[in-house]
């Protein structure tokens, strides 16, 4: 589980600022109800208007 990683997400940035919200989004991806909304929020945070953010690299192996 990626949210359990020992990574200080708050030190990384995404399109909207601190990446401290990413572990919550990773955990919510498995829930079928809000999955589309969560994927959209996650994608917009990591890749926005052609820009890739530093918080996008750590989750790549997962």
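The values are calculated or read from the model by the stated rules, or taken from the named source; none is laboratory data. Because the structure is a prediction, the values reported are computed rather than measured. Quick reminder, even Gly has a Cβ in these numbers, built from the backbone with ideal geometry, and neighbours come from all protein chains shown.
In the set (1) at pLDDT below 85; (2) surrounded by 11 or more Cβ atoms within 10 Å (Cβ to Cβ), residue 33 fails one condition alone, (2).
Residue count for the stretch 36-52 satisfying the condition of being more than 9 Å from the chain's Cα centre (by Cα) and buried (at least 17 other Cβ atoms within 10 Å of the Cβ): 1. Looking only at the stretch 4-15, decide whether some residue is at pLDDT below 90 and buried (at least 16 other Cβ atoms within 10 Å of the Cβ). Yes, there is a match, as at least one residue in the stretch 4-15 is at pLDDT below 90 and buried (at least 16 other Cβ atoms within 10 Å of the Cβ). Scanning the stretch 20-62 for residues being part of a loop (DSSP other than H, G, I, E, B) and on the phi < 0 side of the Ramachandran plot gives a total of 13.
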